[in-house]
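Working notes for the structure below.
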Amino acid sequence: MKYPRLGVNIDHVATLRQQRGEFYPQVTRAAEIALATGADQITIHLREDRRHIQDQDVPDTHVVCKKFGLPLNFEMGCSDEMIKKAIIERPEWVCLVPEKRAERTTEGGLDVINEENYERVKAACETIKKNSPTTKISLFVEATPAVLQKCLTLKADAVEIHTGEYAKDFLEKKDISHHLKMYREGHKIIKAQGWGYHAGHGLTFDSLEPLLAEKKFEEYNIGHWIIAEALFIGLGHVIKEMLTLLKKYPLEA
Ligand code: PXP
């Protein structure tokens, strides 16, 4: 039986590290734990402003992925700087995303309907494929038919559908049926060409389930919620260890 793959996005381990400028928590340790537990790939986004993942995290995380024989999914904007990085690192996957400096997180998919954007994405795909032929490319986009049709004219291997709006509607208990219908139609368009159909952004344990029940997406890339939930799953354990240490040293009488 085949199951959907889980890509664990570990950007927010780096967010916590950068907050204090310490060497911990280490993203490589998070990658090790994720892959040793059974995750199918590690996803990291080297943003232009380096707000979380840093340049050295890319090769360091790739070393961990290679140790497990599993893919690194390198999310990046279509800038010359990032294209050069991808060519040097040769990750198994690149996920091309739109990137705006002021945004808090990626706010939507690539607008490939806009001619200028389309040309930029096209050039990025061609340069990456030419210089790193083993790297597969996914395009982070909305699931509208026109966008998906346009994607299929590019040299890529998969689309990753932006699930941010769906996840928001789910959390606010709004109707999600139109999102599911759009994802079903998108699946037909994409699979007719044999491309991969992936999903990501804003997903939680609960909002993932209706998507799983549709059985359409082969891969999910999930980060913020996993890292946030891990805090609570781990908090009691870490406090217990600290208390054990404290109890080894009674105060002077
Ligand atoms: N996929 C893409 C293309 C993204 O940009 C992000 C956020 O960096 C994710 C998946 C993961 O989103 P989240 O952290 O909200 O789970």
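Could you tell me what % of all Cα pairs in the stretch 86-175 have separations over 21 Å? Of all Cα-Cα pairs in the stretch 86-175, 36 percent lie more than 21 Å apart. The amide H of G200, built 1.01 Å from its N in the peptide plane, has I161, T163, N221 as neighbours under 5 Å, considering only residues 5 or more places off or on other chains. Rg over Rh for the stretch 19-126 works out to 0.99, using Cα positions for both radii and the Kirkwood form for Rh. Under the convention that each Lys and Arg Cβ holds +1 and each Asp and Glu Cβ holds -1, the size of the dipole of the stretch 193-253 around its Cα centre is about 240 debye. The calculated P(r) of the chain, using every Cα pair and 10 Å bins from 0, goes 7, 30, 35, 19, 5, 3, 1, 0 in percent.
Under a model in which nothing but the beta-carbon of Lys, Arg (+1) and Asp, Glu (-1) is charged, the stretch 1-137 shows a dipole of about 440 debye around its Cα centre.
Relative to the dominant Cα principal axis of the chain, helix 115-131 is inclined by about 70°.
I need Y197, Y24 ordered by Cβ neighbour count within 10 Å, fewest first.
Least crowded to most crowded, the residues run Y24, Y197.
Cross-link pairs exceeding 25 Å between alpha carbons, from the set K2/K130; K100/K168; K67/K191; K173/K215; K129/K181; K2/K150: K2/K130; K67/K191; K129/K181; K2/K150. Angle of helix 80-89 to the longest C-alpha principal axis of the chain, folded into 0 to 90 degrees and rounded to 10: 70°.
Largest first and in whole Å, give the semi-axes of the stretch 122-199's equivalent ellipsoid, each being the square root of 5 times a Cα gyration tensor eigenvalue.
Taking √(5λ) for each Cα gyration eigenvalue gives 27, 13, 9 Å.
The dipole here belongs to the chain: it is taken about the Cα centre, uses +1 on the Cβ of Lys and Arg and -1 on the Cβ of Asp and Glu, and is about 520 debye.
In the elastic network of the chain, a GNM with C-alpha springs shorter than 10 Å, the most mobile of V141, V64, V238 is V238.
Plugging the Kirkwood radius over Cα pairs into Stokes-Einstein for the stretch 189-253, at a temperature of 37 °C and a viscosity of 0.692 mPa s, what D comes out in µm²/s? Estimated via Stokes-Einstein, D reaches 212 µm²/s. For the stretch 120-159, the alpha carbon convex hull comes to 57 Å³ per residue, rounded to a whole number. Residue by residue, the stretch 197-207 carries 3J(HN,Hα) couplings of 10, 10, 9, x, 3, x, 6, 10, 3, 6, 6 Hz when phi is fed to the Karplus relation 6.51 cos²θ - 1.76 cosθ + 1.60 (θ = phi - 60°); x denotes Gly or Pro.
Once the Cα atoms are used to define both axes, helix 11-20 deviates from the longest principal axis of the chain by about 50 degrees. Summarising the amide proton neighbourhood of N9: residues at separation of 5 or more, or on other chains, whose placed amide H is nearer than 5 Å comprise T43, I222, G223.
Here is the size of the stretch 25-82 from its Cα atoms: Rg then Dmax, 11.4, 35 Å.
Here's the picture: charge each Lys and Arg Cβ at +1 and each Asp and Glu Cβ at -1 in the chain, and of F23, G77, T37 the one pushed furthest to the positive end of that dipole is T37.
The amide H of E75, built 1.01 Å from its N in the peptide plane, has I44, H45, L46, C95 as neighbours under 5 Å, considering only residues 5 or more places off or on other chains.
Taking 13 Å as the straight-line reach from the Cα of K66, the aspartates and glutamates in range (excluding those fewer than 8 positions away in the same chain) are E32, D40, E89, E92. Listed values for the stretch 228-238 are Karplus-derived 3J(HN,Hα) couplings in whole Hz (6.51 cos²θ - 1.76 cosθ + 1.60, θ = phi - 60°), namely 4, 5, 4, 4, 6, 5, x, 4, x, 4, 5, and x replaces Gly and Pro.
Values quoted throughout were computed directly from the atomic coordinates according to the rules given, and no laboratory measurement underlies them. Every value quoted in this text rests on a predicted model; they were computed, and no experiment measured them. Here the Cβ is made from the backbone with ideal geometry for all residues, glycine too, and neighbour counts use every protein chain on show.
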